[in-house]
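Asker: Got a structure here, written out as structure tokens. Questions coming.
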Amino acid sequence: MIEIPAEERGVIRVFDLDMAAEQARFLREPGALAQVLGIDEIDLDHVEIFPVSDLEELGLVGYLTQGCGIAETAITPDRDRLAAVQGHVLLLRSRAFGGAARRLTPSSQIRYIASYGERPINWSATSQPPPESSKLYTGGKVAPRDARNAARRIGAALFAGVMILIALTLYLLVF
């Protein structure tokens, strides 16, 4: 029997599934996994069921550390048991229980291996001074309106010069 406390967060439970591949695939059907775990319901969006062979060279240990963010030090005591898993594996995240307390009574084909806490993400950052480009009027003492007017005058002068050249070329070709 495995107790899941209410409002639990960031825990991944690993189970070895001692069953045929067809039975393991069937556990993805609504209600099937909940039934074999001895509970009413479970959120399958937070459950993973897959054959360990799909992980190829990465292996289950690599998947848990690199894919699930579990610290190497947490896995070290169970490394041999995790490496021994051959068939399908079941990963249950805390969110699968919707924050409710649960008492799991898994069937005999589901063997509990271990529980691991995911590394919390540190969202803090050191304070940075605002960059110069974010300050107003860093391009000099010219106001934006004056800069637009200057750009319009330059554009109008270039347009007039090109039109004069075209007119002069046409005049020389005609006469």
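Asker: Of Glu118, Glu132, which residue is of a type in the set (D, E, K, R), farther than 23 Å from Ala24 by Cα and in contact with a Gly (Cβ under 7 Å, 6 or more places away or on another chain)? Show your work before the answer.
Answerer: Values: Glu132 fails: in contact with a Gly (Cβ under 7 Å, 6 or more places away or on another chain).
The unique qualifying residue is Glu118.
Asker: Please work out if Ala74 is surrounded by 12 or more Cβ atoms within 10 Å (Cβ to Cβ), part of a helix (DSSP H, G or I) and of a type in the set (A, V, I, L, M).
Answerer: yes
Asker: Taking the range 97-136 as the region of interest, how many residues are open to solvent by less than 70 Å² (accessible area, probe 1.4 Å), of a type in the set (Ser, Thr, Tyr) and not in a loop (DSSP other than H, G, I, E, B)?
Answerer: Here the count works out to 2.
Asker: Anything in the range 77-96 that is touching a strand residue (DSSP E or B) at 6+ places or on another chain (Cβ under 7 Å), in a helix (DSSP H, G or I) and open to solvent by 10 Å² or more (accessible area, probe 1.4 Å)? List them, or say none.
Answerer: Asp78, Arg81
Asker: So Trp123 clears everything in (1) farther than 27 Å from Glu22 by Cα; (2) of a type in the set (Phe, Trp, Tyr); (3) touching a residue at least 12 places away in the same chain (Cβ under 8 Å) except one condition, right? Which one?
Answerer: (3)
The rows are residues; the columns are (1) under 22 Å from the mean Cα position of the chain (by Cα); (2) farther than 16 Å from Phe15 by Cα; (3) not charged (D, E, K, R).
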site: Gly31; (1), (2), (3): no, yes, yes
site: Gln35; (1), (2), (3): no, no, yes
site: Gly38; (1), (2), (3): no, no, yes
site: Glu41; (1), (2), (3): no, yes, no
site: Leu44; (1), (2), (3): yes, no, yes
site: Val47; (1), (2), (3): yes, no, yes
site: Tyr63; (1), (2), (3): yes, no, yes
site: Cys68; (1), (2), (3): yes, no, yes
site: Thr73; (1), (2), (3): no, yes, yes
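Asker: Does Ile49 qualify as being in contact with a helix residue (DSSP H, G or I) (Cβ under 9 Å, 6 or more places away or on another chain), among the β-branched types (Val, Ile, Thr), surrounded by 15 or more Cβ atoms within 10 Å (Cβ to Cβ) and part of a loop (DSSP other than H, G, I, E, B)?
Answerer: no
Asker: Next question, about the same structure. State the number of residues belonging to the range 1-43 that are among the charged types (D, E, K, R) and open to solvent by less than 40 Å² (accessible area, probe 1.4 Å).
Answerer: Adding up the residues that qualify gives 3.
The values are calculated or read from the model by the stated rules, or taken from the named source; none is laboratory data. Owing to the predicted nature of the structure, the values given are computational and were not obtained by experimental measurement. For neighbour counting, all protein chains shown are included, and Cβ atoms are generated from backbone atoms with ideal geometry for every residue, glycine included. Keep in mind that these areas ignore ligands, DNA and RNA; they rest on the heavy atoms of the full protein, side chains included. Shrake-Rupley method; radii C 1.70, N 1.55, O 1.52, S 1.80 Å.
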